[in-house]
Amino acid sequence: MIVRAPAKLNLTLAVRGHRADGYHDLESWVVLVDLFDELAFSSASRFELEIDGDDSIPADDTNLVWKAAHLFAAAAGVRPGVRIRLTKRVPAGAGLGGGSSDAAACLVGLNSHWGIGLDRAALERIACELGSDVPLFLHASQVVMRGRGERVEQLATRIRGWVVLICPAVHVSTADVYALFAPADTLPRRTDVWLSDPLSCAAVMPQLFNDLEMAAFAVNPALRELHTRLNGLGGACVRMTGSGAAMFSLFDDEQRARAWAAEAGVAAGDSEIHIRRILTATDEIQF
Ligand code: C5P
């Protein structure tokens, strides 16, 4: 059995404040994109995890898939006997949610592979324990996430189009970025951009924002330089996703996306460039 684990993009990311538990309250419009990791499940007497496609990711108990499988097995009251082959295509440590998406796909996959039948609320409880960004991957492909990430509102398809992803070779730690977040970094703006009308990529792109950009640029000034080089290139706005380091621009048509990606590739040096589609309601892949 194979489960696909898509990447996510934070189109908006409002940081609302620091919480007593060390986390931050957020409000973020998130869409999934058609860049997928893949988890293949097969029977085994004990837990085995094998990773293809990215040598930098450990296949040990620090991996979120390892944690997801063991938490799920404990919740379901079964022994974690399964072989999981994880094929990585989503760049790690980029703000694209690859590890969180893999963990959610692992919960969904094991629920079916072991024939457990936990409902979504039960899977969400396990997802929350695994990380702030894990629950959103148990929902629709376009959502608004709130709280620490555990409150997910499913949206009907609000936006269609193409994404050019620029994934720099540098990584930033999520905890480091949040630690440098300062409320003074946030500018006055409309936060519920997903409700604006019309919602073409061209109309929406200048309204998108990410309150963590300044903090990420402070953690690694090379990101600020990259953003300065890309933002405004060929008239396109560029935003960062999550806590970075990947950046993106949205386009209504594929041809324009490809033309801009070629320009961005030159300006972005050794960054990895992907041209992908925003997933819509007809692409539902897990639920
Ligand atoms: O939940 P997760 O393990 O992905 O979070 C990593 C780190 O990011 C947390 O330890 C915290 O420092 C920061 N974070 C936060 N507020 C959130 C999500 C993450 O402060 N809503």
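Every number here is computed from the coordinates shown, using simple stated rules; none is lab data. Model, not experiment: these values are computed from the prediction. No Cβ is skipped: glycine too gets one built from the backbone with ideal geometry, and neighbour counts run over all protein chains shown.
So how tilted is helix 254-267 from the main axis of the chain? Cα-based, degrees 0 to 90, rounded to 10.
The answer is roughly 80 degrees.
Counting C-alpha atoms alone, how compact is region 128-287: give Rg to one decimal and Dmax as a whole number, in angstrom.
15.8, 43
According to the square roots a ≥ b ≥ c of the eigenvalues of the Cα gyration tensor, what is the shape class of region 241-284, taking rounded for a/c under 1.5, prolate for a/b larger than b/c otherwise, and oblate for the remainder?
Cα axes put region 241-284 in the oblate bin.
To the nearest 10 degrees, how steeply does helix 221-230 sit against the main Cα axis of the chain, on a 0 to 90 scale?
Helix 221-230 and the main axis of the chain meet at about 60 degrees.
For the chain, what is the mean residue ellipticity at 222 nm derived from helices alone (per DSSP H run of n ≥ 4: -39500 (n - 2.57); sum divided by total residues; nearest 500 deg cm²/dmol)?
-8500 deg cm²/dmol
For region 83-148, what does the alpha-carbon gyration tensor say about shape, rounded, prolate or oblate, given a ≥ b ≥ c as the root eigenvalues, a/c under 1.5 as rounded, and a/b over b/c as prolate?
Oblate, since a/c reaches 1.5 and b/c is not below a/b.
GLY147's amide H: which non-local residues (gap 5+, or another chain) put their own amide H closer than 5 Å, with H modeled 1.01 Å from N in plane and none for Pro or chain starts?
LEU26
Using the Karplus curve 6.51 cos²θ - 1.76 cosθ + 1.60 with θ = phi - 60°, work out ³J(HN,Hα) for each residue of region 160-177 in order, rounded to whole Hz, and write x for Gly and Pro.
Listing the rounded values in order: 10, x, 10, 10, 9, 9, 10, 10, x, 5, 7, 10, 10, 7, 4, 4, 4, 5 Hz.
How would you rank 39-45, 168-174, highest first, on the average number of other Cβ atoms within 10 Å across their residues?
168-174, 39-45
What order, most packed first, do the peptides 190-201, 70-81 have when packing is the mean number of other Cβ atoms within 10 Å of each residue?
70-81, 190-201
Long-range amide H contacts for ALA245: which residues qualify at under 5 Å (H placed 1.01 Å from N, peptide plane, sequence gap of 5 or more or a different chain)?
ALA94, GLY95, VAL172
Can you give me the pair-distance distribution of region 166-242, C-alpha pairs, 5 Å bins, whole percents?
P(r) for region 166-242, in whole percents per bin: 3, 14, 23, 23, 19, 13, 5, 1.
Using a 10 angstrom cutoff on alpha carbons, build the Gaussian network for the chain and name the most mobile of GLU27, GLU124, GLU254.
Taking springs between Cα atoms under 10 Å, the residue moving most is GLU254.
To the nearest 10 degrees, how steep is helix 64-76 against the longest Cα principal axis of the chain, on a 0 to 90 scale?
Taking the Cα atoms of the chain, the angle to 64-76 is about 40 degrees.
Within 10 Å, count the other beta carbons around each residue, average over each peptide in 134-143, 10-19, and list them highest first.
Ranked by mean Cβ neighbours within 10 Å, highest first: 134-143, 10-19.
Pull up all non-local amide H partners of THR157: gap of 5 or more, or a different chain, and H-to-H distance under 5 Å with H placed in the peptide plane.
The answer is ALA281.
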